[in-house]
Amino acid sequence: MTRYSVFMVFLILFSGCASFESSLERRAELFEVASRDFEYAVRWGYYEHAYDYIRNNGTDQKRPDFDLLRSIRVSTYEVLKSTISANELQAMQSLEIRYYHINTLVEKTLLHELRWEYDREAKKWQIAGEFPPLR
């Protein structure tokens, strides 16, 4: 092999690794954006927007009662723990959501787990599971 050939092989291998790393970094950035957007949507009462993050896996998944949710205010949305898999295709979040109904003003606390999955085709993060049951 000539020096040029060896150089080209290393260049191709290195560029592949860099491409793989940038893909992982991109998924991590997209997760951060998606999880923050979901958090803000729930926190400020944009429940229909937050529900768009729930993955529709072809089942007749029960939609939340958005009329009821309009009477709920979230006072605190806290991510207690957030972990992302090594391949950055799955993530878990433990949440504490404090909320109240505007009619009763009694604060309730909900502990909820979100399982996020990266959809490679759609190139976006989605929640595999149900919407936080604010009742």
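The values are calculated or read from the model by the stated rules, or taken from the named source; none is laboratory data. The shown structure was predicted, so the numbers you read here are calculated from the model rather than taken from an experiment. For neighbour counting, all protein chains shown are included, and Cβ atoms are generated from backbone atoms with ideal geometry for every residue, glycine included.
A few remarks follow.
- Taking the range 83-95 as the range and being over 10 Å from the mean Cα position of the chain (by Cα), closer than 15 Å to TRP125 by Cα and of a type in the set (S, T, N, Q) as the test, the residues that pass are THR83, SER85, ASN87.
- Filtered residues of the range 23-38 (kept if of a type in the set (S, T, N, Q) and modelled with pLDDT under 95): SER23
- Strands (runs of 3 or more DSSP E) wholly inside the range 26-129 containing at least 2 residues that are among the small types (Gly, Ala, Ser): 72-84, 90-101
- Yes/no for LEU134 being assigned to a loop (DSSP other than H, G, I, E, B), among the aliphatic types (A, V, I, L, M) and at positive phi: no
- Qualifying residue in the range 24-37 (condition: touching a strand residue (DSSP E or B) at 6+ places or on another chain (Cβ under 8 Å), of a type in the set (Val, Ile, Thr) and either in contact (Cβ under 8 Å) with a residue 40 or more places away in the chain or surrounded by fewer than 17 Cβ atoms within 10 Å (Cβ to Cβ) (or both)): no
- Residues of the range 69-114 classified as in contact (Cβ under 8 Å) with a residue 60 or more places away in the chain, surrounded by 11 or more Cβ atoms within 10 Å (Cβ to Cβ) and more than 14 Å from PHE131 (Cα to Cα), total: 5
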